[in-house]
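The values are calculated or read from the model by the stated rules, or taken from the named source; none is laboratory data. Only a predicted model underlies this, so the values are computations on that prediction, with no experimental measurement involved. Methodologically, a virtual Cβ is constructed for each residue, glycine included, from the backbone with ideal geometry; neighbour enumeration extends over all protein chains shown.
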Amino acid sequence: MNQTDTEISNRSWVARMLDSIDAKIARLEEFIMATGIILMAINTIVNVISRYIFNHSIIFAEELNSTFILLVTFAGLGYAARHGRHIRMSAIYDHMPDKARKILMTVIVAVTALFMFLLAYYAIQYIYHVYSKGRIMPALGIPVYITYLWVPVGFFITGVQYALTTVKNIREKDIYLSTNLKEHSAPEIEV
């Protein structure tokens with residue numbers, strides 16, 4: 001095996017490992033989002049039926065839906081990053097040459113990954129602060145900090161997604177907006 005074959009073999013191994021990690025995270029996010037949305041819908045429907053049939057709302061329905069909203073929102077961060085669905089301001093970026101866009105995209109996703117990890121760290125600090133206060137949800141009777149546990153998990157998973165995109169941009173020739181979404185070259189503008 002010559003050096004080129006070894007490089008291709010190493011690249012294939014790394015690519016397979018990154019794809020495997022990405023696929024596992026994707027399945028986890030999809031499960032969390034689907035479960036959260038279904039449970040929120042069931043909770044809301046049961047609450048509406050209870051209100052109209054028994055003339056009383058379920059007292060914990062609002063708190064439970066708030067928890068599901070946090071769950072879906074922060075699981076959705078990683079999902080949006082994986083599919084390149086975050087808002088981008090690309091007016092200047094689109095007019096840059098390919099090499100400059102590649103460098104800029106790599107820097108953007110690397111910095112975004114770092115910010116996501118930093119936000120996960122601050123979310124953990126906040127959860128610890130809420131935990132130390134001992135706040136309890138009045139209707140459910142569970143500690144408030146438990147409902148916030150999804151926040152650092154979502155930030156961390158999103159950070160991993162952007163980190164994987166950074167690695168993919170460094171290793172591959174093409175420009176990637178996410179691990180599985182290549183950038184499509186903007187049409188040349190003639191003046």
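Remarks
- For beta carbons closer than 7 Å, sequence separation of 6+ or different chains, a first residue in the stretch 29-43 that is over 9 Å from ALA75 (Cβ atoms) and a second that is aliphatic (A, V, I, L, M) and at pLDDT below 95, the qualifying pairs are ILE37/VAL72; ASN43/ALA61; ASN43/LEU64.
- Qualifying residue in the stretch 74-94 (condition: under 12 Å from the mean Cα position of the chain (by Cα), in a strand (DSSP E or B) and closer than 20 Å to SER20 by Cβ): no
- ILE53 surrounded by fewer than 16 Cβ atoms within 10 Å (Cβ to Cβ), among the β-branched types (Val, Ile, Thr) and within 26 Å of the chain's Cα centre (by Cα): no
- Hits in the stretch 142-173 (condition: modelled with pLDDT of 90 or more, assigned to a loop (DSSP other than H, G, I, E, B) and either of a type in the set (Gly, Ala, Ser) or farther than 14 Å from TYR128 by Cα (or both)): ILE142
- Pick from the stretch 48-73, criterion of a type in the set (Ser, Thr, Tyr) and part of a helix (DSSP H, G or I), ranking: nearest to GLN161 (Cα to Cα): THR73
- Matching option when the condition is closer than 29 Å to ASP19 by Cα and not aromatic (Phe, Trp, Tyr), among VAL130, VAL153: VAL153
- Restricting attention to the stretch 1-46, the residues that are of a type in the set (D, E, K, R) and modelled with pLDDT under 75 add up to 3.
- Screening the candidates THR112, THR67 for the property of being within 22 Å of HIS184 (Cα to Cα), β-branched (Val, Ile, Thr) and touching a Ser or Thr at 6+ places or on another chain (Cβ under 9 Å) yields one hit, THR112.
- Qualifying residue in the stretch 66-88 (condition: loosely packed, with under 11 Cβ neighbours inside 10 Å and at pLDDT 85 or above): no
- In the stretch 127-172, the residues that are without any contact (Cβ under 8 Å) to a residue 24 or more places away in the chain and either within 30 Å of HIS83 (Cβ to Cβ) or of a type in the set (Val, Ile, Thr) (or both): VAL130, ILE136, ILE142, VAL144, ILE146, LEU149, GLU172
- Exactly one residue among LEU119, LEU140 is surrounded by 14 or more Cβ atoms within 10 Å (Cβ to Cβ), touching a Leu at 6+ places or on another chain (Cβ under 9 Å) and not β-branched (Val, Ile, Thr), and that residue is LEU140.
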